[in-house]
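The values are calculated or read from the model by the stated rules, or taken from the named source; none is laboratory data. Keep in mind it's a predicted model, so treat the numbers as computed, not measured. A quick note on method: Cβ atoms are made from the backbone with ideal geometry, for glycine too, and the neighbour counts reach across all protein chains shown.
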Amino acid sequence: MQSFAGTFTRNLVIAAVCTVAGPILLLFGALGVADPGEADRRIPLVFLLVGLAGTLAIPVLAFTGARADYRVVTRRDRLDDGTGRTDDSFALWAPRADVPTPQGRFAAADVLEATFVRYGGDWEATYQSYGGDLDPDEVKPLIRLRLRIHPDGSAPFEWTGERRVPSLCLSAVTAGRLVAVVEPARPAGVRIDWPRSALLAGTRPCRLVGLDGRRVDLTGRPDLLLEQMRIAGTVGGIRMDVDTIDLRNLAPPVATRLQGLIERVGEPAERPALEPTPDGRSRWVIDDLPGEAGTFGDLDRRWARHGGQLTRARFLELRGTTTYQYHGPVLETVLRIWPVEGGEPFDARKKLTVPMNYLALLHRTRDLVARVSPDRQRYEIDWNRSNLAAGVTPALVIAPDGREFDLTGRFDPLLAIMRLLVAHQVSVSGNVVDLRARHPSATVEQVMETLRTSLDRDATGRDPR
């Protein structure tokens, strides 16, 4: 498991190599100043001062780099006052829309096909920051889209084109729902409102609290969500508290219009949401996006032998920053983490690099797999295991008799199996657990029991225990 001392040492070596001129100038300057035969000591003195500044910069650079690279949640990251959210609440601060939002021109768009084109340039796995309001294209994947657009009051039409997709809104593409802004005079000039697309796709939940205090969920109702966006776009200034709009805090005319959406929740959807495609075709661009491969996880035997375990974590907040790595953006996050011994979860605030291939499935899950230190003081997100549990990579278990169990995207049984593998110190570097291999018999029996429990839960719709 990552330690701050190890991270600092690695960065110290890198900083020393990159600024090796500092110690060299310091040495030459010291020798020149100390040389009794040196008549003019001004040049050696300059070398000495410059070399001293360069040498002192090495630990400073190493420390600041270690602070940026150290992505482990510790006690000081905990939010003692909590976030005031329920477990299913989620806040996503997507980038601002760069398209106009004229009244009545929002249109639902079905993603019929999405194809990855390219991403970035000659990147290295280093941090890149952009100042001010810069909105760089190189940090956004270029996706070719084929859409069926449903303008309000007009016949649907198809549109094909390439668009840069902000990483926090990639899940709108794989979910298959976008918000298009269509100008009647220029139907070919379709623009995509990416923040609202994330809302329409279900990446961010949307709930309304009615005038009578009744709470309803609009997530998964694109017809009602689109109408809510049109109303909000008309009046402006509607604030969402995490994922909820409380109508009792709005002006009466606006509240009345939104109350009509609450009354329609029980009606059949005009256009039901498209189902995500898990088979690698149509809208499935995850395989081409940068990010960690999904695996059951290599094992640090020392960590496991001393009591290290895996636990569940969940995103409560994701907020973009102006810093990026090749695999994904650096985000300000609020995490909810469940202790391995049970008990109440706690919340923590931490900057993390979130892989793009995980972000592309954010409409399906916000759960994560975290490694826990033996002393229970540090928590580190395991992206290989998280991506497997999220469904980025297919997950397969082969029983001793050769039967195959597809657990793709099924977080609970996958986390249970990962925990068993850690407990028995079994490393699986790929996305297939083959129980026909020579694993300890206790591991095989417990994995099969987990599979039977999962199948029983699927058959009955509830946990048999």
Practice problem: Kindly indicate whether residue 7 is modelled with pLDDT under 75 and under 29 Å from residue 301 (Cβ atoms). | Solution: yes
Exercise. Determine whether segment 52-72 contains at least one residue that is modelled with pLDDT of 70 or more and acidic (Asp, Glu).
Key: no
Quiz item: Counting only residues that are in contact with an Asp or Glu (Cβ under 9 Å, 6 or more places away or on another chain) and small (Gly, Ala, Ser), which one in segment 291-344 is surrounded by the most Cβ atoms within 10 Å (Cβ to Cβ)?
Solution: 313
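Out of 305, 312, 301, report the one residue that is touching a strand residue (DSSP E or B) at 6+ places or on another chain (Cβ under 9 Å), of a type in the set (Lys, Arg) and either farther than 18 Å from residue 204 by Cα or touching a residue at least 12 places away in the same chain (Cβ under 8 Å) (or both). If you could, list the steps in order and put the result at the bottom.
Numbers: 305 fails: touching a strand residue (DSSP E or B) at 6+ places or on another chain (Cβ under 9 Å); 301 fails: touching a strand residue (DSSP E or B) at 6+ places or on another chain (Cβ under 9 Å).
Exactly one of 305, 312, 301 is touching a strand residue (DSSP E or B) at 6+ places or on another chain (Cβ under 9 Å), of a type in the set (Lys, Arg) and either farther than 18 Å from residue 204 by Cα or touching a residue at least 12 places away in the same chain (Cβ under 8 Å) (or both), namely 312.
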Self-check item: In segment 427-450, the residues that are at pLDDT 90 or above and either touching a helix residue (DSSP H, G or I) at 6+ places or on another chain (Cβ under 7 Å) or not assigned by TED's automatic domain parsing to the domain that holds residue 400 (or both)
Solution: 428, 431, 433, 435, 446, 447
Practice problem: Would you please name the residue that is nearest to the chain's Cα centre (by Cα), looking only at residues in segment 239-255 that are modelled with pLDDT under 85 and surrounded by fewer than 18 Cβ atoms within 10 Å (Cβ to Cβ)? | Solution: 242
Exercise. Look at segment 207-244 and say how many of its residues are assigned to a helix (DSSP H, G or I) and of a type in the set (Lys, Arg).
Key: 1
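Having 3 or more residues that are over 28 Å from the mean Cα position of the chain (by Cα), among the small types (Gly, Ala, Ser) and surrounded by 13 or more Cβ atoms within 10 Å (Cβ to Cβ) is the bar; report the strands (runs of 3 or more DSSP E) wholly within segment 130-191 that clear it.
No strands (runs of 3 or more DSSP E) qualify here.
Which of the residues spanning segment 367-391 are within 21 Å of residue 169 (Cα to Cα) and surrounded by fewer than 22 Cβ atoms within 10 Å (Cβ to Cβ)?
367
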Exercise. Determine which single condition residue 92 fails, assuming it passes every other condition in (1) surrounded by 15 or more Cβ atoms within 10 Å (Cβ to Cβ); (2) at pLDDT 90 or above.
Key: (2)
Quiz prompt | Test set (1) at pLDDT below 95; (2) within 30 Å of residue 142 (Cα to Cα) - residue 387 fails condition number | solution = (1)
Exercise. Run down 198, 114 and say which single residue is in a strand (DSSP E or B), touching a helix residue (DSSP H, G or I) at 6+ places or on another chain (Cβ under 9 Å) and crowded, with 19+ Cβ neighbours inside 10 Å.
Key: 114
Quiz item: Quick one: residue 258 ticks every box in (1) surrounded by fewer than 18 Cβ atoms within 10 Å (Cβ to Cβ); (2) modelled with pLDDT of 90 or more; (3) of a type outside the set (Ser, Thr, Tyr) bar one, so which box is it?
Solution: (1)
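For segment 290-338, what are the residues that are within 17 Å of residue 354 (Cα to Cα), among the acidic types (Asp, Glu) and out of contact with any helix residue (DSSP H, G or I) (no Cβ under 9 Å at 6 or more places or on another chain)?
317, 332
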